[in-house]
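Before any comments, here is the structure.
The values are calculated or read from the model by the stated rules, or taken from the named source; none is laboratory data. Since the model is a prediction, treat every value here as computed from it, not as a measurement. Methodologically, a virtual Cβ is constructed for each residue, glycine included, from the backbone with ideal geometry; neighbour enumeration extends over all protein chains shown.
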């Protein structure tokens, strides 16, 4: 067991799944509603981002399985929670997501 390699794969999985979540968030807000799919001429960029996000999810799963070869599940699983913070901070700080950042929202109050 190589703990350093396991942590690297686990953190790689966190980065991939965080990127995939942000990509899905961005693209889903830009896709037309399903009733407009057949007749509309729309931008293909959101579809490309959805496909890239699905690929990132798949690579994240592979990276997670490789991490579990070298790390105990308890240690690896605790690293996954970093993704929640990364996604929130990126969505709140990057202007393309138009998310509000407030102390009450950050603390979990409505």
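Structure notes:
- Output for the stretch 3-25, where each listed residue is more than 15 Å from residue 57 (Cβ to Cβ) and surrounded by 11 or more Cβ atoms within 10 Å (Cβ to Cβ): 3, 5, 6, 7, 8, 9, 10, 11
- Filter pass, residue 18 being in contact with a helix residue (DSSP H, G or I) (Cβ under 7 Å, 6 or more places away or on another chain) and farther than 30 Å from residue 74 by Cβ: no
- Residue 106 fulfils the conditions (1) within 18 Å of the chain's Cα centre (by Cα); (2) assigned to a helix (DSSP H, G or I); (3) over 26 Å from residue 9 (Cα atoms) except for a single criterion, (1).
- Residue in the stretch 40-49 that is in a helix (DSSP H, G or I), surrounded by 11 or more Cβ atoms within 10 Å (Cβ to Cβ) and either in contact (Cβ under 8 Å) with a residue 60 or more places away in the chain or in contact with a helix residue (DSSP H, G or I) (Cβ under 7 Å, 6 or more places away or on another chain) (or both) present: yes
- All positions within the stretch 22-39 that are modelled with pLDDT of 75 or more and outside any loop (DSSP other than H, G, I, E, B): 22, 23, 24, 25, 26, 27, 28, 34, 35
- Contact annotation: residue pairs with Cβ atoms under 8 Å, 6 or more positions apart or on different chains, pairing a residue in the stretch 73-93 that is closer than 18 Å to residue 105 by Cα with a partner that is assigned to a loop (DSSP other than H, G, I, E, B), are 91/99; 92/99; 92/100; 92/101; 93/101.
- Qualifying residues in the stretch 62-91 (those that are loosely packed, with under 13 Cβ neighbours inside 10 Å and not in a loop (DSSP other than H, G, I, E, B)) - the one nearest to the chain's Cα centre (by Cα): 84
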